[in-house]
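To start, the structure itself, in structure tokens.
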Amino acid sequence: MWLANLACLELHQIHSIAEKSDKPDYIVYDLDPPEEGYTFDKLKEIAFSLKEHLERSNYHVFVKTTGGKGLHLVTPIDAKYSFTECFQCAKKLATDFVNKHPETTLHIKKEHRKGRVLIDIYRNRPSQTIVSPYSLRGRMGATASTPITWEELEGLKELSDWNINTTLERVLTEGDAWESIRGWAVPLHTDKKAQAVKELPPNKKHKTPEQLQEYEEKRDFNKTPEPLLSENETPGSRFVIQRHHASHLHYDLRLEQDGVLKSWAIPRGMPPKPGVKRLAVQTEDHPLKYLTFEGEIPKQEYGGGMMWVYATGRYEITKTKKEGFYFRLSGKQVSAEYRMHLMKGKEWLLERVDSPQQDFLGNVMKPMLADSAKRVPLGDYEYEVKWDGIRALIYLNEGELKIYSRNLNDITDQFPELNVPEEAFRINNAIFDCEIVCLDSDGKADFKKVIKRLMTKKNFDRESKRSPAYCYLFDCLYLDGRPLINDPWARRKWWMMDSVRAGETNYRISESMEDGKALFEAAKKLGVEGIIAKRIDGKYTFGKRSNDWIKVKVKETKDCWIIGFTQGDGEREKYFGSLQLAEQKGKNLVYRGRVGTGFDDDMLKQLSKKFSEIITSEKPIEEEAHEEKRTVWLDLVFKCEVEYSMITNNGTFRDPVFKKIIDET
């Protein structure tokens, strides 16, 4: 707000945080190309080469555009070295690189560069700054300094492609590419003592710390796979959060301190945003091997149940108080700052004090879409039924449940039988991807029933009893304090399954299986729409089509614009005879013929009423349509899904069947 009041457009930052202003937490390499005649493709080649060079010294390299004509390569480091030490480290690495790449230079004066790319390491001095991530620039096109992935850099054509519009859209749909940057911090490769720590041999004289006596007394290590004492761990500032399904589902926060892990049980999970407070009950200290422990503790043992690693990384105490402390977690899954306040005995109050960079629970996003294939893909996939229903996202926010259609409309009221958060779930915050269906007498999804439920404007409770809806969950995108979209699908699936209560509710898990061909053959026999192949290690991308999911339909289908209708005869005289269709191909419409089957009486009535409001005199296609003289043209408002056997030589559907109106609600 203060910067906005100053009409500040560009933001430039030093290389350290306020608490450690004399200790940088990253090293930056500023790639500055020559003024004229140097292509962006050449600059990208140098960036990738420098990335490989830095990785050989065990640095993790992040990249961002500068909003100008260059790139910034950033390597996060432990914030315990002086600016001088960091600059000398950068100079050594850059000198070695320049000696092998004559098209680069360390000469800062332009007259000495001679058409070479400057590797500007001089930004790493205490008096220097760089343009901040997400800062706008005062340049043509309102460019922005944008953190991106290396995959995005590879496909980038022009640096100006990242600007005030595209950068905002990227963050809202895919998150911050640098959100986990501090979780990748490492010692300087020139710090021989820090490097040698990893190579220390096991300490044979290591004794059991007195702090772990309570931990050992509660366990029989002949029965439980929990770790015994660590033999060769070294002091540090690591943390782990574990999701622990013991007698009750909860989370364990563990902070490394004095050779053990100080531990708190958090029944309702990490607070997702400021203002949300959580009870944290301090438990016995745990050994350092718990930093990586996952497994099932036998149910008869103390804490029996499944335990998963939910987040790991480093932490730092940022402030201490008489009755508590502030601490920052920096990891690949969680990057946030919290306050821990002692209330009484072992009961603490945990509160988040910084705002999340992306408000997943507050910003409703469009769901991910699947690529299509004609054959079942083989490899590292699992396979599910493709449900013929309404695609939806379930948002669970501090116990309040909302259902959003794929076009982001709130449809919670239409399905009261699904608004049962306490009965259905044992978690407080989550986003689930799902399909809402109504079933026929044979247990198959009936799209006509569920679309009727969606279009109902009143008497929701009565309709829910007459034609109950069921929600098949098939992905979990956010869970109790952190996004899961970058986790592998197999892990997201297990956490989703563990979040649903056992019992009679209208929520069900969409089961997956390993044999895709067998499932596809079963789909043919049962007459269901098809199957979905999901890559086991696939990520989730809001609002985009991805080959991590591949749909294989039993019959071919296409989504087409309804561009008109022919006048009806006989029983259809009051409605319409057939629909005129066109497929969107880029900016053009391609005529696909007519479809006259697949409608029931309710659909004929509903569509006729809607069509009467969008009649136009303008024909939307250039080709001559079948039955053109009997056609009434429509504005491009409604799309429908059409099933067909093939596309004929003249470009129209053979054996078309109307399946459904595409859910644009």
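Values in this text are rule-based calculations from the coordinates and carry no lab data. Computed from a predicted structure; not experimentally measured. Every residue, glycine as well, gets a Cβ built from its backbone with ideal geometry; the counts of neighbours run over all protein chains shown.
Among the GluC sites (Glu not before Pro) within segment 335-412, which fall in a DSSP loop and have no more than 15 other Cβ atoms within 10 Å of their own Cβ?
Here the GluC sites (Glu not before Pro) that fit, given the DSSP loop and packing criteria, are GLU398.
With a ≥ b ≥ c taken as the square roots of the eigenvalues of the C-alpha gyration tensor of segment 304-397, please select rounded if a/c is under 1.5 and otherwise prolate if a/b is larger than b/c or oblate if it is not? It would help to have the intermediate numbers written out before the result.
Numbers: a/c = 2.74, a/b = 2.36, b/c = 1.16.
Note, shape of segment 304-397 comes out prolate.
When a/c is below 1.5 the answer is rounded, else prolate if a/b is larger than b/c, else oblate, so apply that to segment 1-58 with a ≥ b ≥ c taken from the square roots of the Cα gyration tensor eigenvalues.
On the way: a/c = 3.76, a/b = 1.37, b/c = 2.74.
Oblate, since a/c reaches 1.5 and b/c is not below a/b.
For the peptides 136-147, 640-651, 40-51, what is the packing order when you average, over each peptide's residues, the other Cβ atoms within 10 Å and list the highest mean first?
Working: 136-147: 18.5, 640-651: 14.8, 40-51: 17.0.
Going by the mean number of other Cβ atoms within 10 Å, highest first, we get 136-147, 40-51, 640-651.
Could you check what % of the DSSP bridge pairs in the chain are antiparallel, to the nearest 5?
So the antiparallel bridges amount to about 95 percent of the total.
Take peptides 159-165, 68-74 and line them up by average Cβ neighbours within 10 Å, highest first, as a rough protection proxy.
Peptide ranking by packing, descending: 68-74, 159-165.
Residue farthest toward the positive end of the dipole of the chain, with Cβ of Lys/Arg at +1 and Asp/Glu at -1: which of LEU261, GLY481, THR505?
Of the listed residues, the answer is LEU261.
How large is the translational diffusion coefficient of segment 556-661 in µm² per second when you combine the Kirkwood radius over alpha carbon pairs with Stokes-Einstein at 10 °C and 1.306 mPa s?
115
Determine ³J(HN,Hα), in whole Hz, for all residues of segment 378-395 in sequence, where each value follows from phi through the Karplus function 6.51 cos²θ - 1.76 cosθ + 1.60 and θ = phi - 60°; x replaces Gly and Pro.
Per-residue couplings from phi come out as 10, x, 7, 10, 10, 10, 10, 5, 8, 6, 9, x, 9, 5, 8, 10, 9, 9 Hz.
Pop out the ³J(HN,Hα) list for segment 84-97 in order, Karplus 6.51 cos²θ - 1.76 cosθ + 1.60 with θ = phi - 60°, rounded to Hz; leave Gly and Pro as x.
Listing the rounded values in order: 5, 4, 5, 5, 5, 5, 4, 4, 5, 5, 5, 4, 4, 5 Hz.
If packing is taken as the average number of other Cβ atoms within 10 Å across a peptide's residues, how do 288-295, 98-105 rank, most packed first?
Per-residue mean Cβ counts within 10 Å order the peptides as 288-295, 98-105.
Quote to one decimal, in nm, the extra length available between GLU514 and ASP569 on full extension: 0.36 nm per residue of separation minus the C-alpha distance between them.
Computed gain between GLU514 and ASP569 is 14.8 nm.
In terms of the Cα gyration tensor, with a ≥ b ≥ c the square roots of its eigenvalues, is segment 379-528 rounded because a/c is under 1.5, prolate because a/b exceeds b/c, or oblate?
oblate
What distance in nm separates the two pseudo spin-label positions at LYS551 and VAL420, each 7 Å out from Cα along the beta-carbon direction?
Those two pseudo-labels are separated by 2.9 nm.
Which entries in LYS44/LYS91; LYS585/LYS619; LYS80/LYS110; LYS517/LYS639; LYS444/LYS544; LYS458/LYS493 show an alpha-carbon gap greater than 25 Å? It would help to have the intermediate numbers written out before the result.
Details: LYS44/LYS91 21 Å; LYS585/LYS619 17 Å; LYS80/LYS110 34 Å; LYS517/LYS639 31 Å; LYS444/LYS544 28 Å; LYS458/LYS493 35 Å.
As for pairs spanning more than 25 Å Cα to Cα, those are LYS80/LYS110; LYS517/LYS639; LYS444/LYS544; LYS458/LYS493.
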